[in-house]
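Scroll down for the structure; my scribbles are underneath it.
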Amino acid sequence: MVASKRPKIELQKPVGIWLRVSTEDQAQGDSPEHHEKRARYYAESKGWKVAEVYHLEAVSGKSVLQHPEAQRMLKDVQRGHITGLIFSKLARLARNTKELLEIADIFQDLGVDLISLQESIDTSTPAGRLFYTMIAAMAQWEREEIVERINASIQIRAKLGKPLNGRASFGYQWLNGKIEPNPQEAPIRRLMYELYAEIKKKKTVARMLNERGYRTREGKPFSDVLVEFLLRDPTAKGRHRANYTQRNSGKGLSRVIRPENEWVWTDVKPIVSVELWEQCNRYLDEKIGSRPKRLGRRPVHLFAGLAYCQCGKKMYVPANTPKYVCQACRTKIPIVDLEAVFHEQLRGFFLSPTEVNKRIHQADEHLQQRLSLLSALEAEQSKLKAEMDRVYRLYVDSHIDGPGFGKVYKPLQERQGQLEEEIPKLQAEVDLHKINELSTDKILTEAKDLYDRWPQLTRDEKRSVIESLTDKIEIGKDSIDITLCHCHSSEELTKRQSELYLAS
């Protein structure tokens, strides 16, 4: 079957280019302009838009996060101005491992891609996302080593009743190494319990405290969130709980609760009675039980952007039905049926080693041709530079006059300019080819057992397989035609990724 052509769609994924070239590298001819051209050609071949360029020329790689350009880049990432960052190699991003882990953490949390051309890492691809997995493992190991050492000292200090580098909760204070009621805050904390026991509404309690002129320790108005936190804190009834939470790895300031066997309890002077504390907490628990359950995020369906009706319209899954539906002619197919048909279609593709080997051979052959051409151009560039230097020395030493120098030097200079344009473009093509092949071959190398493992794959894993191997699915009243991608050029891969990016 010959699949119909889809309309060409320009992908406008906004990305930034990170340029950090040391003074020593620049002296050796490794210019920022060359790296920028290479990155721009890569972005162009992916259909991305270069929104920003961050210049850190001649900046040390030992610590770059405090540099104004690095801070500008992080702000652009956080506000969604760029959704990817292209750089020549990881050492250009940060030579400090701690900063590299920190940057990778921020980017992964925000869903922003890192693209390192030298290491063929592009986290917008399935294979590239393995980089985040490895970085996360390194970061977790480093954090666990630090946490183990800190925890050992924390538990000892908590059992001795000593401060743990944290403030006492509102209503209390550290005094002579012990937790004591704060004379100014304790009455407000007590009033909070009395009001909630009577009104049973956190927002109303917060509003009443604010209207009476009471403020938090920082001078800010009380919120319903803070009111609940203080009502839940058992310190008010005379039982201080230490070593209760810890920082959530890689999640900024969020905290998670430790296992109960690690908590350390200390008796302190109560602000309210046990009866009043338990009454308020019972009301809070009852409120939670009566809350309606929130609806989860709408799932991204496996064949979104790939399922087409026979009439040419895309098919979607409406919220009120478990089927792909064409809004134009009302053709339908159950989600589970379409996945079952696709699963069977994989058998013919995956169990055909001839097709797989043919594809890999073609890809390798194309890559070698481009690498050979790149090597030849770089050798020519080096030779040309030496020739230009020789002609210039002849002119300086008065062995040739001005007109003679211009006649010889100008053609060399023009060719040098051509090479400075052509080499970054060719490097970007090689970069794209390597990254695309890594992404697709990651799936192809597991082809032998993927058919059998399909039911156990996660939704994200299934989606990665579908994106890499499927061109189009056409659904008719009594037929389903699935066009699998047996072989793709870099241009075809880029076009398909662009279309899927917009569809999702």
| request: Starting from residues that are without any contact (Cβ under 8 Å) to a residue 60 or more places away in the chain and open to solvent by 10 Å² or more (accessible area, probe 1.4 Å), keep the ones in the range 418-435 and report whichever is farthest from ILE86 (Cα to Cα). | output: GLN418
| Test for ARG207: is it assigned to a helix (DSSP H, G or I), farther than 16 Å from ILE271 by Cβ and without any contact (Cβ under 8 Å) to a residue 60 or more places away in the chain | yes
| note | Log entry, pairs with first residue in the range 319-345 being within 11 Å of ILE480 (Cα to Cα) and open to solvent by less than 50 Å² (accessible area, probe 1.4 Å), second being assigned to a strand (DSSP E or B) and modelled with pLDDT of 85 or more, beta carbons closer than 6 Å, six or more apart or on different chains, reads ILE333/TYR324; ILE333/ILE475
| field | Filter result (within 13 Å of GLN427 (Cβ to Cβ) and of a type outside the set (D, E, K, R)) within the range 367-388 | value | LEU367, LEU371, LEU373, LEU374, SER375, LEU377, GLN381
| query | Looking at GLU355, GLU378, GLU387, which one is of a type in the set (Asp, Glu) and modelled with pLDDT under 85? | reply | GLU355
| note | For the range 179-204, the count of residues that are open to solvent by 30 Å² or more (accessible area, probe 1.4 Å), over 21 Å from LYS287 (Cα atoms), without any contact (Cβ under 8 Å) to a residue 60 or more places away in the chain and not in a helix (DSSP H, G or I) equals 2
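The values are calculated or read from the model by the stated rules, or taken from the named source; none is laboratory data. Computed from a predicted model, the values in this text were never measured in an experiment. Because the Cβ atoms are built from the backbone with ideal geometry, glycine has one as well, and the counts that use them run over all protein chains shown. Accessible surface is based on the protein model in full, side chains and every heavy atom, while ligands, DNA and RNA are left aside. Shrake-Rupley method; radii C 1.70, N 1.55, O 1.52, S 1.80 Å.
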